[in-house]
Amino acid sequence: MSSTSDLFVGDSDAEGGQGCGDRAPRRVEAQRDPPTPPEVTVRPGYPNTVNDVILDGEIATVHRELFGSPTVFDFGPAMGSEDFSLLAPEGVPYDYWYVTSTPPTVWEAAPGTDLAEKFGNVPGTRAPCSPPDPSVLVPGVLTLVSAALSRLA
């Protein structure tokens, strides 16, 4: 058994402001011949991700101490945590937060006067023209390690 999949990558600016510039759509073909068909379970949607209020406050406090108050904020409900709540067993508190993947120079150059406007004008983390920037790795690791250490202390 052999199959071909087509993936079309279009102009991401037109698809939601991901800042990829003028990219012509291109076709990517993949040949595959799996030894056995994959098992697929279809579920009707995902549960909401709702942070534990106490845990969220405690971790935000740790992050404010580490990075400064202006850098830690709640910008309200957002998509992007699709299946995160499925990772924690029932009754186990969790806290989902975002860590910037945008280097300061890209953020400062982005058009916009408020957070939402600027956010819409920088490449998204999954945008094809937005490779990971090493300068954001250390702060990302620091958020994870500081959160973990605050729970283990």
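The values are calculated or read from the model by the stated rules, or taken from the named source; none is laboratory data. Bear in mind the structure is a predicted one, so any value in this text is a computation, not a measurement. Every residue, glycine among them, receives a Cβ derived from its backbone with ideal geometry; neighbour counts consider all protein chains shown. The accessibility values were calculated without ligands, DNA or RNA, using every heavy atom of the protein model including side chains. Shrake-Rupley method; radii C 1.70, N 1.55, O 1.52, S 1.80 Å.
If each residue of separation counts as 0.36 nm, what is the full-extension length gain between D74 and R43 once their alpha-carbon separation is subtracted?
8.2 nm
Quick one: if the Förster radius is 41 Å, what FRET efficiency do T36 and S150 give, using the C-beta to C-beta distance and rounding to 0.05? Before the final figure, lay out each step's value.
Details: r = 45 Å, r/R0 = 1.09.
Here the calculated transfer efficiency is 0.40.
Heavy-atom accessible area of T61 with all protein chains present, probe 1.4 Å, nearest 10 Å²?
Rounded to the nearest 10, the figure is 70 Å².
Between E117 and V92, how high is the FRET efficiency from 1/(1 + (r/R0)^6) when r is the Cβ-Cβ distance and R₀ = 25 Å? Nearest 0.05.
Values: r = 37 Å, r/R0 = 1.47.
It comes out at approximately 0.10.
Could you sort V40, V62 by their accessible area in this structure, using a 1.4 Å probe and putting the largest first?
Working: V40 115, V62 35 Å².
Final ranking, largest accessible area leading: V40, V62.
Can you list the equivalent-ellipsoid semi-axes of region 92-132, largest first and in whole Å, using the square root of 5 times each Cα gyration tensor eigenvalue? Could you put the intermediate results ahead of the total?
Numbers: eigenvalues 98, 41, 16 Å².
Taking √(5λ) for each Cα gyration eigenvalue gives 22, 14, 9 Å.
With the cut-off at 18 Å, report for region 75-153 the share of all Cα pairs above it, as a whole percent.
On the way: 1722 of 3081 pairs.
Considering region 75-153, 56 percent of its Cα-Cα pairs are separated by more than 18 Å.
For a quick check of your reading of the filter: which chymotrypsin sites (Phe, Trp or Tyr not before Pro) in region 46-153 sit in a DSSP loop and have no more than 10 other Cβ atoms within 10 Å?
Values: sites: F67, F73, F75, F84, Y94, Y96, W97, Y98, W107, F119; in loops: F73, F75, Y94, Y96, W97, Y98.
In loop regions of region 46-153 (DSSP not H, G, I, E or B), the sparsely surrounded chymotrypsin sites (Phe, Trp or Tyr not before Pro) are F73, F75.
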